[in-house]
Amino acid sequence: MENRWNDDEAARFPTALGQRAYTSRLQGADPSLVLHGGGNTSVKVTEPNVFDSDEEILYVKGSGWDLATIEAAGFAPCRMDHLLRLAQLDRLSDTDMARELQVSLKRPGAPAPSVEAILHAILPHQFVDHTHADVIVTLTNTIHGERLVREVFDADEMIVVPYVMPGFKLVRAVAALLETQTTPRTIGLILMNHGIFTFGPTAKMSYDRMIEAVAKAEAFLEARGAGRLGEPKPQESTSRESLRGLPTLRRALSAAAGFPMIVSSHVDEQALSFVRRSDLETISQQGPATPDHVIRTKRLPMLGATAASVASYADAYRTYFADQAAALPGPLTMLDPAPRVALDPELGLITIGRTAGDAAIAEDIYRHTIEVITRAEALGGYRALPTADLFDMEYWDLEQAKLKRQGAPRMFAGEITLVTGAASGIGKACVASLLARGAAVVGIDLDPAICDLHRRRDYLGLACDVTDADAVDRALESAVRTFGGLDMLILNAGVFPAGSPIAQLASAEWSRVLQVNLDANLVLMRLAHPLLKQAPRGGRVVVMGSKNVPAPGPGASAYSASKAALTQLARVAALEWGADGIRVNILHPNAVFDTGIWSEDVLQQRAANYGLTVEQYKTNNVLRVEVTSRDVAELAAEMCGPLFSKTTGAQLPVDGGNERVI
Ligand code: ZN
């Protein structure tokens with residue numbers, strides 16, 4: 001356990017709130033302490049108010065902020081006297097508590113205070129830190145958890161809090177324990193099946209205590225033969241055979257959920273050795289390491305990766321919901337019954353989400369869960385919370401409200417697009433338009449810059465020559481492994497050769513143009529067809545044709561012929577694939593000058609040829625407008641969307657109006 005405190009760094013943050021933000025980031029930087037919005041921290045500060053009297057304010061982590069990146073502005077300023085009066089109440093519903101936390105704010109527009117704000121307020125000391133440290137959760141999630149915690153920590157230093165759901169009930173439970181168990185040496189709390197609090201008079205002391213406590217637990221686990229698993233080794237390759245099952249699995253998952261989902265397969269050594277354990281059925285079917293994970297991973301992972309396993313998982317989920325909801329007052333709305341994690345001996349750890357980001361969060365969390373379960377098993381047996389407690393968290397009012405605040409999903413949430421020629425020009429703009437509509441995007445291009453075009457979890461860039469069928473096949477495999485299938489295909493890659501009259505056109509040049517602009521697209525369409533067929537909402541293909549199809553130009557025979565043949569290919573595909581629910585449409589852009597091939601020099605030359613200025617040349621169309629890559633890309637994206645859901649085989653110009661086309 002590394003103590004990341006650095007005197008020079010820390011000196012840059014002289015105020016109490018600055019120090020608070022600094023050590024919060026130190027904890028956020030360690031995923032074994034804090035994962036994805038988990039954990040929270042606070043500081044109590046006395047400051048003057050508008051009446052010129054001093055007021056004690058609790059600055060507590062605001063929701064929507066992550067400890068890894070939190071700034072002073074990410075802390076919600078709550079009036080301490082209000083929080084302390086709330087803490088005295090016998091009863092307060094969590095919905096009322098959330099409202100009262102808002103009421104306590106000193107500044108309107110501040111982020112919503114953490115639901116653990118009142119707990120922070122009643123804890124002694126100026127600085128309070130709270131994490132869900134893996135090793136603490138490992139210790140407490142064992143059959144003899146409380147006994148082990150007592151072995152590691154002195155009773156007069158750490159107060160042990162039996163599991164209570166976070167919220168007002170936890171405040172009351174902790175308040176009672178503080179009254180009877182606090183000693184002059186008390187430095188924190190261990191919350192069974194949840195995590196750890198430490199506190200101190202300075203940010204450094206509270207942080208040091210967190211690190212020391214976690215290090216102590218770590219040493220204990222090591223000594224008991226329950227050491228760390230180590231970093232996952234790089235991805236092994238999954239057999240083609242099993243990868244082929246992934247789009248079918250995705251289709252079944254999406255049907256169960258009622259919306260398309262991203263499905264990622266991870267087959268590194270750590271994942272495989274867990275999913276191939278002989279006791280997997282017992283150890284994996286107990287519950288998450290901390291109850292808040294239930295929102296991200298559901299209570300249980302699915303075993304297996306077939307449509308049949310999805311059906312039985314969804315049935316079991318419905319039964320779980322019906323049984324648990326019956327025991328509670330008030331109506332509850334069932335969440336979708338699809339799993340978020342699946343374990344399969346061939347496909348390894350499979351994570352599932354409405355977006356690639358959600359699937360990635362489920363992956364991060366489950367990797368920690370694997371670590372916690374494996375180490376707890378070595379300690380004598382993993383034991384998660386009872387089902388009812390996990391259900392309470394999954395259907396907690398405050399969590400439900402959080403989900404609602406996320407709003408409606410974006411147009412292509414859960415869907416996957418492959419764009420060719422995606423490193424520049426229209427292709428690059430298509431990637432941006434599709435990402436902006438929530439799709440996960442696989443960009444392929446000859447230019448290796450494609451790999452780093454975007455650094456985000458819903459983007460995969462692959463350097464690939466579209467005329468190399470094996471390379472294209474591998475690219476599709478990567479798309480399937482990373483996101484689970486393919487819904488949309490944007491055929492954009494193409495070459496635009498220098499003009500040459502037919503009388504002088506070399507056969508090799510003719511062949512080269514047809515190979516890239518036509519043959520490569522045939523191969524990709526053929527390979528993508530089985531995937532597009534499995535798309536939960538039906539596959540979509542958009543083909544970049546050209547104005548040259550309806551209105552060819554002299555000197556562009558190879559280019560015009562290749563695009564005309566490609567258009568015809570697309571029209572035949574529209575006929576053949578309609579029965580599979582796949583729509584194929586064609587765009588005919590013209591004079592898109594913001595692409596790599598049109599340098600300022602070339603533009604000036606061309607314009608001069610026609611006796612025009614560059615500006616006149618760029619807008620030389622009926623509407624006198626400039627057509628940009630973005631204009632074409634936005635239309636391509638919309639052609640995949642609901643506006644065009646009844647349209648296939650269509651050809652649409654994007655050219656500002658061309659007299660010869662009209
Ligand atoms: Zn917590």
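Residues are listed down the side, and each one gets a yes or a no for (1) buried (at least 18 other Cβ atoms within 10 Å of the Cβ); (2) of a type in the set (Val, Ile, Thr):
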{"position": "Val549", "(1), (2)": "yes, yes"}
{"position": "Pro554", "(1), (2)": "no, no"}
{"position": "Val592", "(1), (2)": "yes, yes"}
{"position": "Gln604", "(1), (2)": "no, no"}
{"position": "Tyr610", "(1), (2)": "no, no"}
{"position": "Val622", "(1), (2)": "no, yes"}
{"position": "Asp631", "(1), (2)": "yes, no"}
{"position": "Ala636", "(1), (2)": "yes, no"}
{"position": "Pro642", "(1), (2)": "no, no"}
Tell me yes or no: at least one residue of the stretch 284-293 is buried (at least 18 other Cβ atoms within 10 Å of the Cβ), modelled with pLDDT of 95 or more and either more than 23 Å from Leu398 (Cβ to Cβ) or among the polar types (S, T, N, Q) (or both). yes
Restrict the check to the stretch 312-323 and report whether at least one residue is of a type in the set (Phe, Trp, Tyr), farther than 18 Å from Phe483 by Cα and either buried (at least 24 other Cβ atoms within 10 Å of the Cβ) or touching a helix residue (DSSP H, G or I) at 6+ places or on another chain (Cβ under 6 Å) (or both). no
Test Ala305 against the stated conditions and say whether it is in contact (Cβ under 8 Å) with a residue 12 or more places away in the chain and either crowded, with 22+ Cβ neighbours inside 10 Å or basic (Lys, Arg) (or both). yes
Could you check, for the stretch 480-500, whether at least one of its residues is in a loop (DSSP other than H, G, I, E, B) and loosely packed, with under 14 Cβ neighbours inside 10 Å? yes
Does at least one position in the stretch 150-166 carry a residue that is within 16 Å of the ligand (Cβ to nearest atom), more than 16 Å from Leu191 (Cβ to Cβ) and surrounded by 19 or more Cβ atoms within 10 Å (Cβ to Cβ)? no
Filtered residue count, the stretch 100-114, keeping only those that are surrounded by fewer than 22 Cβ atoms within 10 Å (Cβ to Cβ) and either touching a residue at least 60 places away in the same chain (Cβ under 8 Å) or over 24 Å from His293 (Cα atoms) (or both): 9
Given Arg85, Arg79, Arg91, which one is surrounded by 12 or more Cβ atoms within 10 Å (Cβ to Cβ), among the charged types (D, E, K, R) and over 29 Å from Arg25 (Cα atoms)? Arg85
Would you be able to tell me the number of residues in the stretch 596-627 that are closer than 17 Å to Gly657 by Cα and in contact (Cβ under 8 Å) with a residue 40 or more places away in the chain? 1
Need the failing condition index for Asp358 against (1) crowded, with 18+ Cβ neighbours inside 10 Å; (2) over 20 Å from Pro288 (Cβ atoms), just the number. (2)
Residue identified as under 30 Å from Ala506 (Cα atoms) and without any contact (Cβ under 8 Å) to a residue 60 or more places away in the chain among Ala551, Ala561: Ala561
Here the residues within the stretch 522-547 that are in contact (Cβ under 8 Å) with a residue 60 or more places away in the chain, over 22 Å from Leu643 (Cα atoms) and of a type in the set (Lys, Arg) are Lys547
Counted residues in the stretch 39-80 being within 13 Å of the ligand (Cβ to nearest atom), in contact with a Leu (Cβ under 8 Å, 6 or more places away or on another chain), on the phi < 0 side of the Ramachandran plot and not β-branched (Val, Ile, Thr) come to 3
Inside the stretch 185-233, can you point out the residues that are more than 16 Å from the ligand (Cβ to nearest atom), touching a Phe, Trp or Tyr at 6+ places or on another chain (Cβ under 9 Å), part of a helix (DSSP H, G or I) and among the aliphatic types (A, V, I, L, M)? Ala203, Met205, Ile211, Ala217
When you scan the stretch 332-339, do you find a residue that is more than 16 Å from the ligand (Cβ to nearest atom) and charged (D, E, K, R), even just one? yes
Looking at the stretch 123-143, can you tell me whether even one residue there is surrounded by fewer than 21 Cβ atoms within 10 Å (Cβ to Cβ), more than 14 Å from the ligand (Cβ to nearest atom) and not in a loop (DSSP other than H, G, I, E, B)? no
Any chance the stretch 609-628 includes a residue that's assigned to a loop (DSSP other than H, G, I, E, B) and within 24 Å of Ala493 (Cα to Cα)? yes
Any residue at all in the stretch 329-346 that's within 24 Å of Gln400 (Cα to Cα), surrounded by 18 or more Cβ atoms within 10 Å (Cβ to Cβ) and among the hydroxyl-bearing types (Ser, Thr, Tyr)? no
How many residues, within the stretch 488-545, are of a type in the set (Lys, Arg) and farther than 18 Å from Glu415 by Cβ? 2
Evaluate the following for Thr628: is it modelled with pLDDT of 95 or more and of a type in the set (Ser, Thr, Tyr)? yes
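The values are calculated or read from the model by the stated rules, or taken from the named source; none is laboratory data. Just so you know, these numbers come straight off a predicted model, no measurement behind them. As a convention, Cβ positions derive from the backbone with ideal geometry for all residues, glycine included, and neighbour counts pool all protein chains shown.
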